[in-house]
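What follows draws every value from the coordinates through simple rules; no lab data is involved. In this text, all values refer to a predicted model and were calculated from it rather than measured experimentally. For neighbour counting, all protein chains shown are included, and Cβ atoms are generated from backbone atoms with ideal geometry for every residue, glycine included.
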There are 2 protein chains.
Amino acid sequence: MTTNKAPHRLYLHENEMPTRWYNLRAGMKELPDPMLLPDGTPAQEEHLYPVFCKALAHQELDDETEFVDIPDEVLDIYKVYRPAPLCRAYDLENYLETPARIYYKFEGNNTSGSHKLNSAVAQAYYAKAEGLKGITTETGAGQWGTALAEAAKYFGLDLIVYMVKVSAEQKPFRKIMMETFDASVVASPSDTTNVGRAILEADPSNSGSLGTAISEAVETAVTTEGYRYVLGSVLNQVLLHQSIIGLETEIALERLGEYPDVIVGCAGGGSNLGGLIAPFMRDKIAGKRDVRIVASEPASCPSLTRGRYAYDFCDTGKTTPLARMYTLGCGFKPSANHAGGLRYHGMSPILSKLYHDGYMEAVAVEQSVVFEAAKLFARLETILPAPESSHAIKVAIDEAVRCRESGEEKTILFGLTGTGYFDLNAYDQHNKGTMSDYVPTDEDLERSLSGLPPIAGVSQ
Amino acid sequence: MTTNKAPHRLYLHENEMPTRWYNLRAGMKELPDPMLLPDGTPAQEEHLYPVFCKALAHQELDDETEFVDIPDEVLDIYKVYRPAPLCRAYDLENYLETPARIYYKFEGNNTSGSHKLNSAVAQAYYAKAEGLKGITTETGAGQWGTALAEAAKYFGLDLIVYMVKVSAEQKPFRKIMMETFDASVVASPSDTTNVGRAILEADPSNSGSLGTAISEAVETAVTTEGYRYVLGSVLNQVLLHQSIIGLETEIALERLGEYPDVIVGCAGGGSNLGGLIAPFMRDKIAGKRDVRIVASEPASCPSLTRGRYAYDFCDTGKTTPLARMYTLGCGFKPSANHAGGLRYHGMSPILSKLYHDGYMEAVAVEQSVVFEAAKLFARLETILPAPESSHAIKVAIDEAVRCRESGEEKTILFGLTGTGYFDLNAYDQHNKGTMSDYVPTDEDLERSLSGLPPIAGVSQ
């Protein structure tokens, strides 16, 4: 293929930005298994109304509409910080002495510092359009909470954020940032909900998890007049909104005469990876192009590589409907030792299905080598990567090194989801050599997976 | 004038980036007064060799070469993070209901988070090209130190950073960031230099100042084999390197059919302002265009608005040559209360001369209103601005409000020098209403100005 000389940073003009999201499910040969209510029957749109606003409940279950128009109000905000650049990592290629061409889509050019704003803006818009007063959510590393605080403030919505306690303690600046956008930040588990009180009673020193924070945020949303709950990953609607990442990337690569041979994305709940791969996975499913897609997940929370494909709750409090996904069990407690996000027990049902059906690969990486890759990247590319994003950097580097060994001139694309300005304590640990790796034992996983709910007709 | 529809973010292609810096002095009708040695004679290039590497000593005194070629090695790094975007603040305009068009040049898209990298890369390059082993510098808020740490690491130079003690304590993450790029960070005043030891002996709780940190860095450079000193602002060479900001802005505005009526920049030592205005000041001096140029400085450290145009040392330890500039006296101790940078006692001799000759205006603003402007900006433009940059935001907003009142459709341009991710403690103070303003009394200034050195033939 003839490729055009890529600039270090390729920015599309705002007029070239896609005006429709791509709904990955509409192109899948086999759909993900349906979301189930506690009684085992499939959830209908109206079942979700107590939790999600109507437009988002519709998007959550819509597996037919392939392209969804992005509302003008959302486009207006996207244009303040998008299109995001597609970057060519020339210096990294030179350093690695690889014949591969390495591209990355950088989503950190906004105050929240990550791709999370793409869905935050959409969800806040729909909530406001429906006349809601406020929204609730959870946040782990804090990127989603910050993004939603920005979006909520923009649309004039109140926001309550349940922040995983260990993250709130490790990252006080994240809390200040959310408060700067007038959000209320509550460390989770908290005494503001029944779920939180029960957990604290059983274990007063519980340091929290995304699963628990979700339970608290959902409880507050369904019990507070004019409030609904919003979530930053895992859900179908979130992958829909994040498809803007992949759609822009597709346009930029086309301009360069490029098509990726390998796409790497970090995977916690799957929002970035699902968005980045959307148009490329469409091609792959349709048999138009062959591209390897690799999810990079932390060895400390390895849902794809060591979890089970089963129906599970999305939260620790077991209050949500059941989704079939790769899961470590909703009772899985990620190590507080892990420096970044990507601490969720499950994985997007869409990505889980695609992985289960062989459309994707997955690799688990330990954090010390991830931070080595992060520091190398920062030095060469003048972007301080978030620990989450650095999981993708590490795996992309490994791919490029294999190209050096094989001599293959592959085109490698990875998602750089955000910046690491709030993760400097973790960098400090790595600088000082005090960072340790943590990998759950088989017994740990067996224990947390033993709590999976029995579902009639499904092997759990 | 017919203007083209500006995108929210205008990025030039890297091939459009200027390949020469503009030397503002070469176009000035009257040159700044010469730098003097302690004995009152003008400094020659070779007098500077013990402190600066030769190429930079030459740039420091060269007032004839109008355009200076940017070395290829420097351009290669510039292209990793430049051209920087010229942004149109549509949402801010709408919010203010102003007929003015507000543009800002955003320099925060690199790991150091500010424009400082433009000169850091250049200075590190010349130091390496001369075969030096290492460099020393000072840093206040930490942006310069971080930028230089990046640049030094890139070129394989050792780096010792003297960081103002109060900043080191308020901003531990800045230190970690510099260490991530393998810099040695020393809180100043320190016991590693004669100057530092003398200050600590007289005042063990001294919280440091840029002036003191400069003294320490210079002392270490001139007493360590293979080391030289580099500085992030004030100097002529720094303004030269920072002219890339203004030159890119000029190209982007031309494409839009725009020319600024007012340019606003924050001013501490003057590196950003001097760089931003370079080509526009050239036009103004040549009588080609009329543009108002406004320096925005903190009321707590008001060198232009309340200082004296006099010969003074560049450092507190009185070890540097003397420069004629607006100064508060090299013994001036900025309030630890002030949240951001811009804490230097003097001002770029070039800008001082231009201000003295009536080519520029200056406004002093208090920090609480600056943070109000910063938060408004963050909400509308999805960039969390540095406190320093926010001084320019505040004054640009004031200009836009005056346009609303007068109905004038002015074109306002300001410099957004960087991001505020390391300033969240200050945002927290503002959020909580605990931020206070500090303005030195006339007696404070009289006291620090009384120490100006007597210079034969110059009214001090």
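Details
- Shortest-first nm distances, B:G457 label point to equivalent points in other copies (7 Å, Cα→Cβ): 10.0
- If you look at the Cα atoms of the range A:60-146, you get an Rg and a Dmax of 17.4, 56 Å.
- Nearest-first distances (nm) between copies at B:E225, label 7 Å from Cα via Cβ: 8.0
- Sites B:E130 and B:N337 - FRET efficiency at Förster radius 56 Å, r taken between beta-carbons, to 0.05: 0.85
- Considering only chain B, percent of DSSP beta bridges that pair antiparallel, nearest 5: 35 percent
- Relative contact order (%) - the range B:240-372, alpha-carbon pairs under 8 angstrom, separation at least six: 26 percent
- Entry note, the range A:226-278: relative contact order of 50 percent, from Cα contacts under 8 Å with a spacing of 6+ residues.
- Considered as an equivalent ellipsoid built on the Cα gyration tensor, the range A:54-209 has semi-axes of 31, 24, 15 Å, the largest given first.
- Ordered by the count of other Cβ atoms within 10 Å of each Cβ, fewest first, A:F414, A:F313, A:F173 give A:F173, A:F313, A:F414.
- Calculated on the Cα set of the range A:1-114, radius of gyration then Dmax: 19.8, 57 Å.
- Listed from fewest to most Cβ neighbours within 10 Å, the set B:I135, B:I383 follows the order B:I383, B:I135.
- Least to most buried among B:D39, B:D63 (fewest other Cβ within 10 Å first): B:D39, B:D63
- Extension gain for A:R404 to A:T434 (0.36 nm times residue separation, less C-alpha to C-alpha distance): 7.6 nm.
- More than 24 angstrom apart: percent of Cα pairs within the range B:342-460: 43 percent
- Position B:T305, label points 7 Å along Cα→Cβ, spacing to each other copy in nm (shortest first, one decimal): 5.8
- Two-site label geometry, B:D69 and A:R292: point separation in nm, points 7 Å out along Cα→Cβ: 4.4 nm
- Set of lysines with alpha-carbon distance to B:K288 below 28 Å, sequence-local pairs under 8 removed: B:K5, B:K29, B:K105, B:K353, B:K410
- Gained length - B:I285 relative to B:K29, 0.36 nm times residue gap less alpha-carbon distance: 91.4 nm
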